[in-house]
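Trainee: Right, I'll just put the structure down here and ask away after.
The values are calculated or read from the model by the stated rules, or taken from the named source; none is laboratory data. Note that the structure is predicted; figures quoted are calculated from it, not measured. For neighbour counting, all protein chains shown are included, and Cβ atoms are generated from backbone atoms with ideal geometry for every residue, glycine included. The protein model used for the area step is the full one, side chains on, heavy atoms only, and it has no ligands, DNA or RNA in it. Shrake-Rupley method; radii C 1.70, N 1.55, O 1.52, S 1.80 Å.
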Amino acid sequence: MNKSNLSNYRSSVVKPHDFQEFWRQTLEATERVDLNPRLTLDPMRSNYHVEVFEAVYRSYESVEIAGWYARPRNHPDPLPGLLFVPGYVSEPKLPTDLARDGYAVFSAAPRNKLRSNRVFNPGYPGLLTHNIESRSTYGYRGFYMDAVRAFDFLAQMPEVDERRLGVLGGSQGGALTLLVSSLRNNVVAAASAGAPYLCSMMDSASLTRTYPYEEINDYLRLNPESESTVRDTLNLYDIHNFVDQIKCPIIVNVGLKDDVCPPETGFAVFEAIGSENKQMYTYKDCGHESGAGQGHGKVITEFFAKHLSPNPVGSSAGGFVPEI
Amino acid sequence: MLIGERHFVDFWQSTLDEVIALRSAPVRRARIPLRSNELSTAWGLSFTGIGDYPLFAYYLVPKVSAPFTPLFQAPGYGSVVAVPAWERRNRFAVMALCHRGQRLSDDDYKAAYPGLLTDGLPDQDTYRWREMVADCLRGIDVLLDQPEINSGNLAISGSDLAFQSAALRNDVEVLLTSGQFVFDDWERYSASTTDVYPQQEFNDYRRLNPEKWEEAERTLGLFDPMKFAPNITANTLLAVSGLSDVSSATIADAINAEVTVLSPTEYSALDHLAQEDWLAEACGEPKHPGPFLPR
């Protein structure tokens, strides 16, 4: 696929008239729930350099959400913080390597992920089309809020410097990175989004036959009369509609032969990002890992080092690998 | 007849015997309309593995005329097993198994990530990975019982579990190994030189259980790819990432069949196409343009 053709693509996403109001109300409803953050030291996953905690908090509709919190064992306060948000099917990363790089890291397991799926568990495949014909109960409503509240959890940790907070992830993690950077644009200081998913969703379903977007094709094959309703719901949740509010320095990377998240939708969302300090990295002949094999992990490491100034506590294996 | 040290042969032969004893056990086959499309019909297969454990597998059958090359997709290291990919659905009768502990096969046991890689150590009889290999062997038996397939052309794809399963059967014609081996050179990982999961699980276990590590090492030795390799008789593609050139060459030399080594490059999309082309050719199936739709 030709890079200039990809960058000429224009998303068909429309921003609903009630977009701001819907998400304002959703955030308010979420913030009315006491976060009730709890940490339990996990000796099995802690090591000489890093302490690891099992984390739990409450999110939208009081659903209990799990995560991992890792920090350098002996650290000069305060620490820069990183929120790591997961891909669609992968379990949240246990971020000991990032903690060793000098960050306090929260790795979130939004609802439906293992350890957060007692109440809400549509599975995989399943999440992308769960209640897709209902704007108010679509599965991603709570899921998005879980990511935002994971960031709030991190930001309120006493050892974390609230002026040095970053977000990163690939695929669905890329989408959630963009979401959190938008909805917490007054505090996110730097963000890295790889192969962003949930962007131009209806277009994506027509540009690929690969799951997860194939879930939309599966659904519409059985429910063709619902296409307009599905499009209406997805417009309300499309990450493309959030990103004009992003203010922080941000990098985005895409593989030009990504069959999971079509690269043209990555170009389109990058164009729509509001921040003036943004940079895109494209990787020829790369699939969904979007440049991991061509050294993009080093780009991410250096980007956050520049903006968040961590103090590493040991040599790191390094590298960020997008997950789906 | 398995090849190898007595301990290795006895351990895996007894596992094979447990699986073989299940061959007449019932299999339930139910159509899944939501995952069926213009290329293939999706089925859910429900059956039991060793220990009377309930297992689930996706089974996708092309909509053109049978028989089809049966392709067993061994599960990877993670809680979710994906519906088989679009580019495989029109040519192969594809089974994607969920081993015990993974979603859809987690009624009696839910695997933890991290945690599964050391679950049941140090005892060789309780180490969970043995049961996961047995689940794959059972899934392959179920696949070969399906009416639409050409049982003389069995193909397997995946990483560790594909490699281990292929070694324990003598009816595998084609083996595509890709992804990353978690058991590759695990002693190197256990030397505390990595922070990277899942291999870091070995370090975590060793740090907390130093008194059990000697026995755990003996158990893990039963999963060493070098012990499985001489038992592989299938035409094999080794496209595993993270293997050193020395390891790839050593494993390739030990395999008892034709082997192609295709080391992953930095161009992952091209690697994927090359692997799928190799699979098609090895199985005598037409090549597919891959997952990319025309623009």
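Trainee: So B:S263 ticks every box in (1) closer than 30 Å to A:H49 by Cβ; (2) among the small types (G, A, S); (3) within 14 Å of chain A (Cβ to nearest Cβ) but one. Which box is left unticked?
Mentor: Of (1) closer than 30 Å to A:H49 by Cβ; (2) among the small types (G, A, S); (3) within 14 Å of chain A (Cβ to nearest Cβ), only one is false for B:S263: (1).
Trainee: A further question on this structure: List the number of the failed condition for B:W186; all other conditions in (1) surrounded by fewer than 17 Cβ atoms within 10 Å (Cβ to Cβ); (2) of a type outside the set (K, R); (3) at pLDDT below 90 hold.
Mentor: Every listed condition holds for B:W186 apart from (1).
Trainee: Assess whether A:V14 counts as being in a loop (DSSP other than H, G, I, E, B), open to solvent by 30 Å² or more (accessible area, probe 1.4 Å) and closer than 30 Å to A:D285 by Cα. Talk me through it step by step, then tell me what you get.
Mentor: Working: in a loop (DSSP other than H, G, I, E, B): yes; open to solvent by 30 Å² or more (accessible area, probe 1.4 Å): yes; closer than 30 Å to A:D285 by Cα: no.
Against the criterion (in a loop (DSSP other than H, G, I, E, B), open to solvent by 30 Å² or more (accessible area, probe 1.4 Å) and closer than 30 Å to A:D285 by Cα), A:V14 does not qualify.
Trainee: Please verify whether A:R135 is touching a helix residue (DSSP H, G or I) at 6+ places or on another chain (Cβ under 6 Å) and open to solvent by 20 Å² or more (accessible area, probe 1.4 Å), treating the condition exactly as stated. Full working, then the answer.
Mentor: Numbers: touching a helix residue (DSSP H, G or I) at 6+ places or on another chain (Cβ under 6 Å): yes; open to solvent by 20 Å² or more (accessible area, probe 1.4 Å): yes.
Yes, satisfied.
Trainee: Restrict the check to the stretch B:44-61 and report whether at least one residue is closer than 30 Å to A:M44 by Cα, buried (at least 21 other Cβ atoms within 10 Å of the Cβ) and of a type in the set (G, A, S).
Mentor: no
Trainee: Pick from the stretch B:266-279 the residues that are farther than 30 Å from B:G4 by Cβ, buried (at least 19 other Cβ atoms within 10 Å of the Cβ) and of a type outside the set (S, T, Y): which of them is farthest from the other protein chains (Cβ to nearest Cβ)? Spell out how you get there, then give the answer.
Mentor: Taking the stretch B:266-279 first, the residues farther than 30 Å from B:G4 by Cβ are B:266-274, B:276-277.
Applying the additional criterion that residues be buried (at least 19 other Cβ atoms within 10 Å of the Cβ) yields B:267-269, B:271-273, B:276.
If we keep only those that are of a type outside the set (S, T, Y) too, we end up with B:269, B:271-273, B:276.
Numbers: B:A269: 3, B:D271: 8, B:H272: 6, B:L273: 9, B:E276: 12 Å.
For the stretch B:266-279, the residue satisfying everything is B:E276.
Trainee: Turning to a different aspect of this structure: Could you give every pair whose Cβ atoms fall below 6 Å, whose first residue belongs to the stretch A:285-305 and is open to solvent by less than 20 Å² (accessible area, probe 1.4 Å), and whose second residue is β-branched (V, I, T), counting only separations of at least 6 or pairs across chains?
Mentor: A:S290/A:V254
Trainee: Something else about it: Filter the stretch B:142-171 down to residues that are over 27 Å from B:P198 (Cβ atoms) and either without any contact (Cβ under 8 Å) to a residue 40 or more places away in the chain or in contact with a Lys or Arg (Cβ under 6 Å, 6 or more places away or on another chain) (or both), then give me how many there are.
Mentor: Qualifying residue count, the stretch B:142-171: 2.
Trainee: In addition: Among the residues of the stretch B:95-109, are any within 14 Å of chain A (Cβ to nearest Cβ), among the aliphatic types (A, V, I, L, M) and within 30 Å of A:A66 (Cα to Cα)? Show your work before the answer.
Mentor: We begin by selecting, within the stretch B:95-109, every residue within 14 Å of chain A (Cβ to nearest Cβ); these are B:96, B:98, B:101-107, B:109.
So of that shortlist, the ones also among the aliphatic types (A, V, I, L, M) come out as B:96, B:104.
Restricting the remaining residues to those that are within 30 Å of A:A66 (Cα to Cα) gives B:96, B:104.
Checking the stretch B:95-109: at least one residue is within 14 Å of chain A (Cβ to nearest Cβ), among the aliphatic types (A, V, I, L, M) and within 30 Å of A:A66 (Cα to Cα).
Trainee: For the stretch A:58-102, which positions are among the hydroxyl-bearing types (S, T, Y), modelled with pLDDT of 95 or more and under 15 Å from A:G169 (Cα atoms)?
Mentor: Our first condition is that a residue be among the hydroxyl-bearing types (S, T, Y); within the stretch A:58-102, this holds for A:59-60, A:62, A:69, A:88, A:90, A:96.
Remaining after also requiring modelled with pLDDT of 95 or more: A:59-60, A:62, A:69, A:88.
Result: A:Y88, single match.
Every residue, every condition in (1) out of contact with any strand residue (DSSP E or B) (no Cβ under 6 Å at 6 or more places or on another chain); (2) over 28 Å from A:L183 (Cα atoms); (3) more than 8 Å from every other protein chain (Cβ to nearest Cβ), yes or no:
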| position | (1), (2), (3) |
| --- | --- |
| A:I216 | yes, no, yes |
| A:L220 | yes, yes, yes |
| A:N235 | yes, no, yes |
| A:V243 | yes, no, yes |
| A:G293 | yes, yes, no |
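Trainee: I'm trying to understand the selection: among the residues of the stretch A:160-190, which are open to solvent by 20 Å² or more (accessible area, probe 1.4 Å) and assigned to a loop (DSSP other than H, G, I, E, B)? Break it down into steps so the answer makes sense when it comes.
Mentor: Filtering the stretch A:160-190 for residues open to solvent by 20 Å² or more (accessible area, probe 1.4 Å) gives A:162-164, A:183-187, A:189.
The answer is A:R184, A:N185, A:N186, A:V187, A:A189.
Trainee: Yes or no: A:L154 within 23 Å of A:I300 (Cβ to Cβ) and buried (at least 24 other Cβ atoms within 10 Å of the Cβ)? Write out each step before concluding.
Mentor: Values: within 23 Å of A:I300 (Cβ to Cβ): yes; buried (at least 24 other Cβ atoms within 10 Å of the Cβ): yes.
Yes: the conditions hold for A:L154.
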